[in-house]
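Undergrad: Structure incoming, see below.
Here, each number is a calculation from the coordinates, and none is a lab measurement. Source: prediction; values computed, not measured. Because the Cβ atoms are built from the backbone with ideal geometry, glycine has one as well, and the counts that use them run over all protein chains shown.
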Amino acid sequence: MSVSSTGQARPAARGRRHPVRHRALGALTAALALTLTGTAASATPPTAQQADTSGLREVMFVGNNWDGTADVIKSTGDFTRIGRINVIPDKDQRLTEIYLNPIKLAYFLGIRQGPGEGHDQFVDDMYSTPDGSSVVVSRPSFADVVSIDLATGRINWRFPVSGYRSDHMAVSPDGTRVAVSASTSNKVHVLDIETGRQLGSFSTGDKPHENVFTDGGKYLWNMSIGEVNTALDDPWLDWTKGDRRITVVDAATFEQVKVIDMRERLDAFGRKDLSDSVRPIAFTPDESKLYFQVSFFNGFLEYDVASDRIERIKTLPKNPATSEDRTTWVNDSRHHGMSMSPDGRKLCVAGTMDDYATVVDRATLQEGPLVTASKPYWATVSGDGRSCVISEAGADQVTAIDFATGEKAVSVPVGDHPQRVRLGHVAAGWTSPSGG
């Protein structure tokens, strides 16, 4: 069984879990972790791994958050762009609804001024369907998930999430289910990827963020990151950031299996100074180790799933040009983005506010060359597993870094403010509906 990241205990008034129940859950799932094994959740980027891919072409989807487009690029080699999708074909209709509803409008404008840095957030995450006919996209500013037909560019279905903002998603290993975080309602929805029908949902901590399926799709992990848009960033004000935790549920019943409070684990490791807001994560291929980033920290930590404790920490270099004023770091990030090579030997880390990415040897935790990058916001793995692919939100491009050498291989221009990059499929002869 595997873990995703985030956690923090809060006073009883903020919904702190009962300590006896928490210990019981911990004991139960520690036993499960020792007996269960699973397929890698992070070594191979989640795709429809069990689907028939004959007649399909493997690609990468790059979500251009401020554009409302997704670029489709080659998944290996020179990563050339082969097309572009408009993921907001219903923009006028959605904006009309928002401007006629004062509450929706308030949240819409809040997203623009907060996490959007003055821009609307039109695409956060995306996954293709197993047959490569559609791409499913979460659209934060529109608080929904839509399925876009890749042949026509039309919307197949739309699912409005609870609350007022959608965020990170995850697709099950068989490609049939997609999980999406509803940021403002502290809930994760799990949908049928073909129809958009809700299969179930579960509650999380404050501001659910990343989702990960583990154990071949048996479990679903969510990391809630709390408030990341306030200016209360001093360490002594960390308690104002909300209830941050990892929630693990049974992916069939959506019943809670475990809650992990990283505050306790960080304190036990001797790092009370670190935030417990867990950001991007990466698992080893056997899901025995979890590597995770936290807010404000230039580095990452290693968590052992079976023993339920943090074992190692890696502090990466700071960029002397980066301001030490934490309020200037986007959404409380310092480093945001991690991926692991398929063999589990290398980690790729996006040093977002320090403007570099680097490949780290997992055995020694020694970093390689610091590859200059402009606001690298995400890291994933190429189709052939040889490269780490990062999105450079500050340069409107994606860059491939060779896992073996740690050196930059190629950069490819994409749209405005690329964030999530996901492996997927399109029809073998696919071209953009609009010719883009």
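Undergrad: Along each of the three principal axes of the Cα atoms of the stretch 340-413, give the extent in whole Å, ordering the values from largest to smallest.
TA: 32, 25, 16
Undergrad: Going by the alpha-carbon gyration tensor, a ≥ b ≥ c the square roots of its eigenvalues, is the stretch 259-352 rounded (a/c under 1.5) or, if a/c is not under 1.5, prolate (a/b greater than b/c) versus oblate?
TA: Oblate is the answer for the stretch 259-352, as a/c is 1.5 or above yet b/c matches or exceeds a/b.
Undergrad: Continuing with the same structure: Less than 11 Å Cβ to Cβ from residue 232, Lys/Arg counted +1 and Asp/Glu -1: what total charge do the surrounding residues give?
TA: Surrounding charge for residue 232 is -3.
Undergrad: When the convex hull of the C-alpha atoms of the stretch 293-396 is computed, what volume per residue in Å³ does it have?
TA: Dividing the Cα hull volume of the stretch 293-396 by its residues yields 111 Å³.
Undergrad: Is it possible to state the helix-based mean residue ellipticity at 222 nm for the chain, with each DSSP H run of 4+ residues giving -39500 (n - 2.57), the sum divided by total residues, to the nearest 500 deg cm²/dmol? What is it? Before the final figure, lay out the partial values.
TA: Numbers: 4 runs with 45 residues, N = 436.
Taken over the chain, the calculation gives -3000 deg cm²/dmol.
Undergrad: Still on this structure, I have one more. Take the stretch 55-136, drop everything but the C-alpha atoms, weight them equally and run the Debye formula without solvent; then report log10 I(q)/I(0) at 0.11, 0.13 Å⁻¹ to two decimals.
TA: -0.39, -0.52
Undergrad: Take peptides 336-344, 116-124 and line them up by average Cβ neighbours within 10 Å, highest first, as a rough protection proxy.
TA: Numbers: 336-344: 22.4, 116-124: 20.6.
The most tightly packed comes first, giving 336-344, 116-124.
Undergrad: Oh, and also: Give the residue from 390, 305, 371 lying farthest towards the positive end of the charge dipole for the stretch 292-432; charges sit on Cβ (+1 for Lys and Arg, -1 for Asp and Glu) and the dipole is referred to the Cα centre.
TA: 305
Undergrad: Also, I was wondering about something else. Note the per residue figure in Å³ for the convex hull of the C-alpha positions in the stretch 185-254. Present the calculation step by step, with values, prior to reporting the outcome.
TA: On the way: hull volume 6.5 nm³, N = 70.
Measuring per residue, one finds 93 Å³ for the Cα hull of the stretch 185-254.
Undergrad: Continuing with the same structure: Please give the per residue volume of the convex hull enclosing the alpha carbon atoms of the stretch 101-156, rounded to a whole number of Å³.
TA: 78 Å³
Undergrad: A follow-up question, please. Work out the FRET efficiency for residue 149 and residue 272 from their Cβ-Cβ distance, taking R0 = 45 Å, and round it to the nearest 0.05.
TA: Here the calculated transfer efficiency is 0.35.
Undergrad: While we're on this one: Output the peptides 71-78, 361-368 sorted from most to least packed, where packing is the average of other Cβ atoms within 10 Å over each peptide's residues.
TA: On the way: 71-78: 18.9, 361-368: 14.5.
Top of the packing list down: 71-78, 361-368.
Undergrad: Additional query: Could you list which residues have their amide H under 5 Å from that of residue 316, counting only those 5 or more apart in sequence or on another chain, with H placed in the peptide plane?
TA: Residues meeting the criterion, in which the H sits 1.01 Å from N, are 299, 300.
Undergrad: Moving on to the next point. Enter the mean projected area of the convex hull around the alpha-carbon atoms of the stretch 206-365, in nm², rounded to one decimal.
TA: So the Cα hull casts an average projection of 9.2 nm².
Undergrad: Could you give the radius of gyration (one decimal) and Dmax (whole number) of the Cα atoms in the chain, in Å?
TA: My reading of the Cα-based Rg and Dmax gives 19.9, 59 Å.
Undergrad: Give me the tail of P(r) for the stretch 247-308 as a percent: Cα-Cα pairs with distance above 15 Å.
TA: Roughly 57 percent, rounded to a whole number.
Undergrad: Pick out which of 160, 418, 173 has the largest mean-square fluctuation in a Gaussian network model of the chain, springs linking Cα atoms closer than 10 Å.
TA: Taking springs between Cα atoms under 10 Å, the residue moving most is 160.
Undergrad: How long are the semi-axes of the equivalent ellipsoid of the stretch 88-191, defined as square roots of 5 times the Cα gyration tensor eigenvalues? Whole Å, largest first.
TA: Taking √(5λ) for each Cα gyration eigenvalue gives 23, 16, 11 Å.
Undergrad: What residues have an amide H closer than 5 Å to that of residue 226, excluding those fewer than 5 places away on the same chain, when H is modeled at 1.01 Å from N in the peptide plane?
TA: 206, 207
Undergrad: Another question about this same structure. Which lysines, on any chain, are close to residue 74 with Cα under 22 Å apart, when same-chain ones fewer than 8 places away are left out?
TA: Partners within reach: 408.
Undergrad: Let me ask you something else. Using the alpha carbon gyration tensor of the stretch 128-259, what are the three equivalent-ellipsoid semi-axes (square root of 5 times each eigenvalue), largest first, in whole Å?
TA: That gives 27, 18, 11 Å for the three semi-axes.
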